[in-house]
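Notes to accompany the following structure.
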Amino acid sequence: MTLNNKVAVVTGAASGIGEQCARKLAAQGAKVVIADLSLKNAQQVAASINDGGGSAFAVEMNVIDEDAVIRYLDAIGPDTEEDLGPLVAGPGSSLDWSEG
């Protein structure tokens, strides 16, 4: 499978399974967005992917904050929509939905 010039967004990508997914997608040619709560760690993963010949950049994103996600999607703009590829939702957070 080739993902050349497709943009792959991976949340929770600064470590663990999300990081490994991001690395695999970059190896397949995707431009990977390393989205994570920890911008510092996301930047380290992006730098490692770029140093290895892939293409990645880091963004700080809290996926349980709907407004933050919408702001990010608005920022990448409609010109990118046709280039969007995989979305890997890999955050490791838990919510207490019992309170309402």
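The values are calculated or read from the model by the stated rules, or taken from the named source; none is laboratory data. Just so we're clear, the structure is a prediction, and the values are computed from it rather than from any experiment. Note that we place each Cβ from the backbone using ideal geometry, even for glycine, and neighbour counts take in every protein chain shown.
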Handout entry: Scope the stretch 56-74; condition surrounded by fewer than 19 Cβ atoms within 10 Å (Cβ to Cβ) and either among the aromatic types (Phe, Trp, Tyr) or in a strand (DSSP E or B) (or both); matching residues
Key = Phe57, Glu60, Tyr72
Practice task
Return a yes/no flag: does the stretch 4-17 have any residue that is assigned to a strand (DSSP E or B) and either over 13 Å from Gly90 (Cα atoms) or small (Gly, Ala, Ser) (or both).
Solution key: yes
Completion exercise
Residue pairs qualifying under the 8 Å Cβ cut-off, at least six apart or on distinct chains, with the first in the stretch 34-55 being assigned to a helix (DSSP H, G or I) and buried (at least 18 other Cβ atoms within 10 Å of the Cβ) and the second being at pLDDT below 95 and among the β-branched types (Val, Ile, Thr), are Ala42/Ile34; Ala42/Val59; Gln43/Ile34; Val45/Ile34; Ala46/Val32; Ala46/Ile34; Ile49/Val32; Ile49/Ile34
Exercise for the section: Please identify the pairs in which a residue from the stretch 1-19 that is closer than 20 Å to Leu37 by Cα and free of Cβ contacts under 8 Å to residues at least 60 places away in the same chain has its Cβ atom under 7 Å from the Cβ atom of a residue that is of a type in the set (Val, Ile, Thr) and crowded, with 16+ Cβ neighbours inside 10 Å, counting only partners at least 6 apart or on another chain. Expected result: Ala14/Ile34; Ala14/Val45; Glu19/Val45
